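Data block below; observations after.
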Amino acid sequence: MKRLILCFSLLPIVAFAVKAPDFTITDYNNKTHRLYADYLDKNKVVVLKLFFVDCPPCNSLAPTFQQSYVKWGSGNDRVQFIELSTQIWDQNANVKTYSQKHGLTFPGAGKDGGSIEATAPYKSGTFGP
């Protein structure tokens, strides 16, 4: 079973039996990530963290996400984390600075990495609440 876990700052949502919209993003290290081809089709669980760099709850929860990422194998086992900014002013450089500030080691993307297009179905209500 393919699994995708969404995290909207404080609200985790587990989606079952509904096909998640596919996307391709380029993270702040210029690496491409394809939701299905790289993860879901390989039986991985993906945790999507939808955030923005100036979000106070996102900043306070960042260490918890990193601890969970390490606990679940740092992307080397079955679980992969990806953080996507929901705001048009967050570029990959901003996301990289945010990640470095919080010691995050999982991939992240801003607007120029495709995060706006990737998060659109989750924000519009066409997938999930």
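The values are calculated or read from the model by the stated rules, or taken from the named source; none is laboratory data. The structure displayed is predicted, hence computed values, not measured ones. Neighbour counts run over all protein chains shown; Cβ positions are idealised from the backbone, glycine included. Side chains included, ligands, DNA and RNA excluded: accessible areas come from the protein's heavy atoms. Shrake-Rupley method; radii C 1.70, N 1.55, O 1.52, S 1.80 Å.
Between Asn76 and Ser124, the FRET efficiency from the beta-carbon distance, with R0 = 25 Å, is close to 0.15.
Which shape class applies to region 17-129: rounded if a/c is under 1.5, otherwise prolate when a/b exceeds b/c and oblate if not, where a ≥ b ≥ c are the square roots of the Cα gyration tensor eigenvalues? Rounded, since a/c falls under 1.5. Volume per residue of the convex hull around the Cα atoms, evaluated for region 69-129, comes out as 99 Å³. Within the straight-line cut-off of under 22 Å between alpha carbons, the lysines reachable from Lys31 are Lys42, Lys44, Lys49, Lys96, Lys101, Lys111, sequence neighbours fewer than 8 places apart in one chain being disregarded. For Thr32, the accessible area of its heavy atoms, probed at 1.4 Å with every protein chain present, is near 70 square angstrom. When the Cα gyration tensor is reduced to axis lengths a ≥ b ≥ c, the ratio a/c is 1.5 or higher for region 39-102, and with a/b above b/c it is classed as prolate. Highest-first packing order for the peptide set 115-124, 83-92, 34-43 is 83-92, 115-124, 34-43, based on the mean count of other beta carbon atoms within 10 Å.
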